[in-house]
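The block underneath contains the structure these notes are about, expressed in structure tokens.
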Amino acid sequence: MIEVFLSNPGVEFTLRQLLSMLSLRDSEAKRLLNDINHAAKTIRRRTNNKAYLAMRPPICRDCGYVFKELDSAWRPGKCPRCKSERITQPSFILIRRD
Ligand SMILES: [Zn+2]
């Protein structure tokens, strides 16, 4: 999975795309998010901090609430403001500091 990001800098992948690329079921999303957190650390180390993995946070489609806390990858179940479950998928992108 690390290679997916390293060989596609600047390309944004949604959580759903990553699941299908890795032939994982939606129920395995939690494990994938965990792997993404590990990958973020590995990418930083392997590139000597010249690249890092960024996450576009999920957003509530009903009220526009932006889910912040970007320290680690995760996917909210519902909106804390309006309780909607129409939440966009988080997506991930490798950014180079050139
Ligand atoms: Zn909401």
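Please go through region 51-91 and pick out each residue that is within 15 Å of the ligand (Cβ to nearest atom), among the acidic types (Asp, Glu) and within 21 Å of Lys30 (Cβ to Cβ).
Glu85
I'd like the full set of residues that are without any contact (Cβ under 8 Å) to a residue 12 or more places away in the chain, assigned to a helix (DSSP H, G or I) and either surrounded by fewer than 14 Cβ atoms within 10 Å (Cβ to Cβ) or under 10 Å from the mean Cα position of the chain (by Cα) (or both), limited to region 35-64.
Within region 35-64, His38, Lys41, Arg45 meet the criteria.
Go through region 65-98 and give me each residue that's more than 18 Å from Thr14 (Cβ to Cβ) and crowded, with 17+ Cβ neighbours inside 10 Å. Please lay out each step first, then the result.
In the first step, residues of region 65-98 are kept if they are more than 18 Å from Thr14 (Cβ to Cβ); the result is 65, 68-69, 71, 78-84, 96-98.
Matches in region 65-98: Tyr65, Cys79.
Going by the structure shown, is Glu28 over 19 Å from Ser7 (Cβ atoms), charged (D, E, K, R), over 11 Å from the mean Cα position of the chain (by Cα) and within 11 Å of the ligand (Cβ to nearest atom)? Let's see the steps before the verdict.
Working: over 19 Å from Ser7 (Cβ atoms): yes; charged (D, E, K, R): yes; over 11 Å from the mean Cα position of the chain (by Cα): yes; within 11 Å of the ligand (Cβ to nearest atom): no.
Criteria not met by Glu28.
Could you grab me the full set of residues in region 65-84 that are within 11 Å of the chain's Cα centre (by Cα) and more than 27 Å from Asp98 (Cα to Cα)?
Hits for region 65-84 are Trp74, Arg75.
Taking the residues in region 1-21 that are farther than 18 Å from Lys50 by Cα and not in a strand (DSSP E or B) as candidates, determine which candidate is modelled with the lowest pLDDT.
Met1
The values are calculated or read from the model by the stated rules, or taken from the named source; none is laboratory data. Small disclaimer: the values here were computed from a predicted structure and weren't measured. Every residue, glycine among them, receives a Cβ derived from its backbone with ideal geometry; neighbour counts consider all protein chains shown.
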